[in-house]
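Taking it in order: structure first as structure tokens, then the write-up.
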Amino acid sequence: MKFILWIIFTISPLLICPTLVTAQSSGSPQKPSLQSSNTEISEDTSLEETLNWLKEQIRIQSFYKIKSAMMPNYLTYKVVSINFEGCTIIFKDVITETSPTGKVITTHNSEIKVNMADLDYMRVYLDMSAVQDSGNYTVHAFTLGNRSIIQHLYEFRSRRTSKRDNRPKAQMSFVFTNEDVARRVVKALAHAIKLCSTMGR
């Protein structure tokens with residue numbers, strides 16, 4: 001049970017599908033598609049390109065299913081949707097606990113909204129503490145001054161009860177099963193936050 005609670009409260013504030021590749025037009029010199037998970041986000045990459053890359057990678061790669069070490073149930077995490085309105089990131093994720101027969105036991109839905117100018121690009125990092133237990137790599141991003149200003153709507157449902165919580169948070173997280181992708185997301189997210197911080201609101 002402690003393991004399940006760690007996953008829920010560490011991951012859900014925010015993985016193993018094929019990566020989409022955008023076709024290049026033939027009228028101009030071609031460069032590697034920014035939709036590729038192998039693409040390196042550099043200091044010269046534009047904000048629009050960076051956000052498009054992040055949206056695609058997080059939407060596709062931020063997913064996992066594991067068996068609890070303490071119980072016979074399974075935990076499935078996925079990002080339901082992710083969008084950018086300028087520098088504001090809005091995403092929804094869900095953690096579902098199911099029995100070995102596939103019956104849903106609990107669901108934990110979370111929605112996050114924050115202007116990336118309020119995040120600290122120097123405090124985006126890869127957390128590998130859960131790799132040994134679950135094989136997952138968690139990317140954390142914190143607000144400037146650790147202020148609880150990230151809009152957060154959380155909803156828990158089980159067969160017997162439900163509850164909601166809308167207290168703001170000071171961090172958001174995404175989980176991946178691929179270490180290389182997770183490291184690239186750290187770099188791209190920090191780059192996007194840095195660009196947004198210089199643009200104002």
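The values are calculated or read from the model by the stated rules, or taken from the named source; none is laboratory data. Note that the structure is predicted; figures quoted are calculated from it, not measured. Don't worry about glycine lacking a Cβ; one is built from the backbone with ideal geometry, like all the others, and counts go over all protein chains shown. Side chains are part of the model used for accessible areas, which takes the heavy atoms of the whole protein and leaves out ligands, DNA and RNA. Shrake-Rupley method; radii C 1.70, N 1.55, O 1.52, S 1.80 Å.
Working only within the stretch 124-140, note down all residues that are of a type outside the set (Asp, Glu) and over 15 Å from the mean Cα position of the chain (by Cα).
Across the stretch 124-140, the qualifying residues are 129, 130, 131, 132, 134, 135.
Just wondering, is there one or more residues in the stretch 165-183 that are open to solvent by less than 70 Å² (accessible area, probe 1.4 Å), within 17 Å of residue 54 (Cβ to Cβ), in a helix (DSSP H, G or I) and basic (Lys, Arg)?
No, the stretch 165-183 contains no residue that is open to solvent by less than 70 Å² (accessible area, probe 1.4 Å), within 17 Å of residue 54 (Cβ to Cβ), in a helix (DSSP H, G or I) and basic (Lys, Arg).
Among the numbered criteria (1) surrounded by 19 or more Cβ atoms within 10 Å (Cβ to Cβ); (2) touching a helix residue (DSSP H, G or I) at 6+ places or on another chain (Cβ under 9 Å), which one does residue 114 miss?
Only one criterion in (1) surrounded by 19 or more Cβ atoms within 10 Å (Cβ to Cβ); (2) touching a helix residue (DSSP H, G or I) at 6+ places or on another chain (Cβ under 9 Å) is unmet by residue 114, namely (2).
Right, residue 111: assigned to a strand (DSSP E or B), at pLDDT 90 or above, of a type in the set (Asp, Glu) and closer than 24 Å to residue 152 by Cα or not?
yes
What pairs come up if the first residue lies in the stretch 164-185 and is farther than 16 Å from residue 122 by Cα, the second is of a type in the set (S, T, N, Q) and assigned to a helix (DSSP H, G or I), and their beta carbons are under 6 Å apart, counting only those six or more places apart or on different chains?
176/61; 181/61
Inspect all residues belonging to the stretch 131-143 and state whether any of them is open to solvent by less than 70 Å² (accessible area, probe 1.4 Å), within 27 Å of residue 49 (Cβ to Cβ) and part of a helix (DSSP H, G or I).
Among the residues of the stretch 131-143, not one is open to solvent by less than 70 Å² (accessible area, probe 1.4 Å), within 27 Å of residue 49 (Cβ to Cβ) and part of a helix (DSSP H, G or I), which makes the answer no.
State the number of residues belonging to the stretch 39-78 that are assigned to a loop (DSSP other than H, G, I, E, B) and within 21 Å of residue 183 (Cα to Cα).
Looking only at that region, the number is 9.
In this structure, does residue 81 turn out to be in a strand (DSSP E or B), small (Gly, Ala, Ser) and surrounded by 14 or more Cβ atoms within 10 Å (Cβ to Cβ)?
In short, no.
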